[in-house]
1. Which residue, chosen from B:Gln9, B:Ser27, B:Gly66, occupies the Cα position most advanced towards the positive end of the dipole of chain B, where the dipole is computed from +1 (Lys, Arg) and -1 (Asp, Glu) charges on Cβ about the Cα centre?
2. What order do you get for B:Phe65, B:Phe29 when you list them from fewest to most C-beta neighbours inside 10 Å?
3. Give the cross-link partners of A:Lys53 among the lysines, using a straight C-alpha distance below 16 Å as the criterion and excluding same-chain residues fewer than 8 apart.
4. Cα to Cα, under 25 Å, and not fewer than 8 places away if on the same chain: which lysines meet these conditions relative to B:Lys36?
5. Please list, by residue number, every one of the trypsin sites (Lys or Arg not before Pro) in the range A:32-112 that is coil in DSSP and has at most 14 other beta-carbon atoms within 10 Å.
6. So if R0 is 35 Å, what FRET efficiency would A:Ser84 and B:Asn58 give, r being the distance between their Cβ atoms, rounded to the nearest 0.05?
Amino acid sequence: DAGITQSPRHKVTETGTPVTLRCHQTENHRYMYWYRQDPGHGLRLIHYSYGVKDTDKGEVSDGYSVSRSKTEDFLLTLESATSSQTSVYFCATATLGVTEQYFGPGTRLTVT
Amino acid sequence: GQQLNQSPQSMFIQEGEDVSMNCTSSSIFNTWLWYKQDPGEGPVLLIALYKAGELTSNGRLTAQFGITRKDSFLNISASIPSDVGIYFCAGQNSGSSNTGKLIFGQGTTLQVKP
């Protein structure tokens, strides 16, 4: 447990609205990741960050953007939510030189 | 993209039985990790493996890093009801060592009958 919190924990939104999910960590970990979890697909990487203002795309990045203005916060934005983005979103962190990732509690997002 | 094949997809066993699950890849990994996810929570790291052939235990859990570096196995001995959950394998190849990126299997859902 790397002191990771996610907010909100649950959200229902309408198609076409913007949504921002927040991940906050207290462990000063350098790396942060956003995943989505869907039945039958396991965890798929959306975007990740390897430092403040340093981000890159994962395997399912279309329709998502991220920002990291300080070490402890990593924001995931859905510019215009679609029903296909209904999912459970997890944030994870890792420290420099260590492979192990530690996960937050997740955000369940429903797009109607 | 690169994928991990995890099997079985689901298991329904009797309390006290041993459990085995595995993960295979078409390419070589330098690190294998095993996670457990309880309902409504995030995955929790169980075991990390860093060396081909390595065998590591964590209580009733034992995991092995396959000698070919393309597979890993997780065994749970004498299962109990709280073992219920989804078990994920994850691997990292040498190309991702500077980003920490992991590739996850699809998960094995374990149910234990008391």
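Bear in mind these aren't lab numbers, they're just calculated from the coordinates by the rules spelled out. In this text, all values refer to a predicted model and were calculated from it rather than measured experimentally. So basically every Cβ, Gly included, is an ideal-geometry build from the backbone, and we count neighbours across all protein chains shown.
1. Farthest towards the positive end: B:Ser27.
2. Working: B:Phe65 24, B:Phe29 27.
Ascending number of Cβ neighbours within 10 Å: B:Phe65, B:Phe29.
3. By straight Cα distance, A:Lys53 reaches A:Lys70.
4. Counting by Cα, and skipping residues close in sequence, B:Lys36 has these lysines nearby: A:Lys11, B:Lys51, B:Lys70, B:Lys101, B:Lys113.
5. On the way: sites: A:Arg36, A:Arg44, A:Lys53, A:Lys57, A:Arg68, A:Lys70, A:Arg108; in loops: A:Lys53.
Sparse-neighbourhood loop trypsin sites (Lys or Arg not before Pro): A:Lys53.
6. On the way: r = 37 Å, r/R0 = 1.06.
The formula returns an efficiency of 0.40 here.
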